[in-house]
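The structure appears below as structure tokens.
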Amino acid sequence: MKLTKEQPKQKETTVVHEYLDEVFNTVLQRNPGEEEFHQAVASFFKSLVPILEKHPIYMEKGILEQLVEPERVISFRVPWVDDSGKINVNRGFRVQFNSAIGPYKGGLRFHPTVNLSVVKFLGFNQVFKNSLTGLPIGGGKGGADFDPKGKSDNEIMRFCQSFMTELAKHIGPDIDIPAGDIGVGAKEIGYMFGQYKRMAGASHTGVLTGKGINYGGSLGRKEATGYGAVYFVREMLKHKGATINNSTFVVSGSGNVSIYAMEKAIELGAKVVACSDSNGYIYDENGIDLYLVKQIKEVHSDRISEYVKYHPEAKYVDDSTGIWSIPCDVVLPCATQNEISEEAAKQLVANGVKVIAEGANMPSTAEAVNVFVNNEIMYAPAKAVNAGGVAVSSLEMAQNSMRLSWNFGAVDEQLQEIMTKIYHNCVTSAKEYGHKDNLLIGANIAGFIKVADTMIEQGVI
Ligand code: NDP
């Protein structure tokens, strides 16, 4: 009896694996050299085995074949003049990945490492992240290989204007609504919004999110990704009967996500002992002085190494990867992709880490994720943990449509509700598909179902 019960299951699993391998091979062939994109698709596909076994309709309808191909990829020249009069040329991108459940939504990244693979991995994951928020937004992502570091304000403005001169042809409040990401904060959004408005000859407030408060930005958007990540961690700990209060945090990066994750964690009683930038990390066993970090990073755009000038008892190490050697309860990687290697993951586990919650997009390598999962560490993927940013962006769109602005408390309350729902949705999906407490599988399945079902409903096939 036992044998006959298990046989069909084995057969189904083989079929599913063969199907996933076939689709993945097409991804490899069609997108040569796009390693980050391959990594994101491979990780996602692994989670889908249980759902495809149970609901082969997704295979029959060719949903995966469609999901891995962006609806549209736009690549463009961005010429701009620097302060010395020299003409520079960068490459801009917008990948409009999937609009099944709403207009494309996702940030713009300005960083020298931006290329098509990076934008595609971000756009692919954004589709399922946006689905998880429960809000009607599709997925997209964009950016340019422009490095804002060391550029004057005027240079940044001219770059943003040139970037928007082309991007404007492809976006709109009901088409595609970009926001910020690495290297793109309120200042850059302001310059891009100004250019869009001049070109459109009208103020389409809802065309970008992350705007300044004076012209349609939402209170709480700046804080949303970091705060949201900590609200998610609160749920993870609650599940284990623990709290944030008195736990020790290590938070990488010192940009938008990192600063506001630290702020909320400290407010909830945590001790944050380390943060970093791309040059190195600081370790302050008395707890990070966040006011000082904000002064260094937000006000003066300086290096994190400046911290030890004001806190000589703290330590600065000129290697950002060393941050993972610091013992702590909770790790929030909030800097960039693949910042946690397999070795770093092993070290974190050996040091007794309890929770890994990804504030940055894909900060753990595939091998690092395996280390966390195999050691039964509470691990939550970016598409669930950092969804608070895009969720509040969507609330910004709602306020823009209504010509209203809500107070901070109202936005924050909705953010908390959304993050709690995402957490429970992940837990429920993981359990339903036989992987109790596996938030990676839970997030991928929950994000996938809504998009896949909508694609079938809309008959896009
Ligand atoms: P910012 O540009 O504001 O900050 C990025 C921070 O990470 C900077 O402190 C930067 O240091 C640091 N950093 C970059 N590379 C490394 C590295 N290799 N090691 C250590 N630190 C590094 O970006 P955000 O905070 O907006 O974004 C951070 C991550 O969060 C990204 O993965 C992004 O995609 C993701 N995210 C952001 C959202 C948002 O709302 N902003 C929403 C959802 C996800 P330096 O100053 O030296 O460059």
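For the reader, a short list of remarks on this structure follows.
- Cα convex hull volume per residue for the range 79-197 (Å³): 92 Å³
- Note on the chain: antiparallel DSSP beta bridges, both residues inside, total approximately 55 percent of the bridges counted.
- Binning the C-alpha pair distances of the chain at 10 Å intervals from 0 yields a P(r) profile of 4, 21, 31, 27, 13, 3, 1, 0, 0 %, listed from the shortest bin outward.
- Toward the positive end of the charge dipole of the chain, with +1 on the Cβ of Lys and Arg and -1 on the Cβ of Asp and Glu, the farthest Cα among Leu64, Cys334, Gly216 is that of Gly216.
- Counted charge near Ser203, where neighbours are those whose Cβ lies closer than 12 Å (Asp, Glu -1; Lys, Arg +1): +4
- Here the chain is treated with +1 on each Lys and Arg Cβ and -1 on each Asp and Glu Cβ, and its dipole about the Cα centre works out to around 860 debye.
- Positive minus negative residues near Gly220 (Lys, Arg vs Asp, Glu; Cβ under 10 Å): -2
- Those GluC sites (Glu not before Pro) in the range 191-293 that DSSP places in a loop and that have at most 14 other beta carbons within 10 Å: Glu285
- Of the trypsin sites (Lys or Arg not before Pro) found in the range 3-106, those in coil by DSSP whose Cβ has at most 14 other Cβ atoms within 10 Å are Lys86.
- Neighbours of Gln295 by Cβ distance under 12 Å: Lys/Arg scored +1, Asp/Glu scored -1, total -1.
- With contributions of -39500 (n - 2.57) from each DSSP H run of at least four residues, the per-residue ellipticity at 222 nm computed over the chain stands at -16000 deg cm²/dmol.
- Cβ crowding within 10 Å averaged over residues, with 126-133, 195-202, 417-424, 359-366 ranked highest first: 126-133, 359-366, 417-424, 195-202
- Check: the range 14-82 dipole with +1 on Lys, Arg Cβ and -1 on Asp, Glu Cβ, in debye: 160 debye
A short reminder: the numbers here are calculations on the coordinates, not readings from a lab. If you're wondering where the values come from, they're calculated on a predicted model, not measured in any experiment. Heads up, the Cβs are rebuilt from the backbone with ideal geometry, glycines too, and the neighbour counts pull from every protein chain shown.
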